[in-house]
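Read through the structure below, which is laid out as structure tokens, and then see the notes.
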Amino acid sequence: MFDVSFFELLVIGVVALVVIGPERLPEAFKTCALWIGRVKRILAESRSEFEKHIGADDIRRELHNEEILASLEKLKASRDALEQDLLNYQNTIQAELHAIEHGETHHQNTPSDAPSSEHDAPDALLIEQADNTQASVNHTHESADHTHNTQDTEQQTKHTHD
């Protein structure tokens, strides 16, 4: 705060020793320390009283709560968007499955029969994503079945060894 070096403190101490004298110097330091303590205590009390008066704790709490609410709103919006995407994918997959069950053929777009308009391109992309999603779901089910079968085999082996 004051940027006082050791040399400057030493000079102040020597001057105080000469002016006050060696007999009264310890008592002078004690008095000075008491006054510094009182000033610090008064400043701390004033600061806390000022903060209480303006409601600093309440303001901090409200700001923190507003930040949390804003992040919650962002999370809800993201969740809603994800749910909508999942519903769209689910509907697309169900439509594809329905078409497959009724014997309708689904043909992949080739460069020669690429979408003719801008509106056909997103549908083709959705169909391709649905096919990929269905393949991923099938792979996941196969992996789960394999894991389940492996666990059953391990349990049977364990029972036969017991």
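None of the figures in this text is laboratory data; all of them are computed from the coordinates on show. In this text the structure is predicted, and so the values were computed from the model without any measurement. In this analysis, Cβ positions are derived from the backbone assuming ideal geometry, glycine residues included, and neighbour counts consider all displayed protein chains.
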## Note on the structure
Placing each pseudo-label 7 Å from Cα in the direction of the beta carbon, Glu27 and Leu86 end up separated by a distance in nanometres of 8.2 nm
#### Entry: Förster radius 30 Å - calculated FRET efficiency between Glu73 and Glu101, Cβ distance, rounded to 0.05
0.10
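Report the charge-dipole magnitude of segment 45-105 in Debye, nearest 20, computed about the Cα centre from +1 at each Lys and Arg Cβ and -1 at each Asp and Glu Cβ.
Using only the charged Cβ atoms, the result is roughly 160 debye.
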### Query
Exposure proxy check: Thr31, Thr92 ranked by fewest other beta carbons within 10 Å?
Thr31, Thr92
#### Entry: For Leu69, net neighbour charge (Lys/Arg +1, Asp/Glu -1) across residues whose Cβ lies under 11 Å away
-2
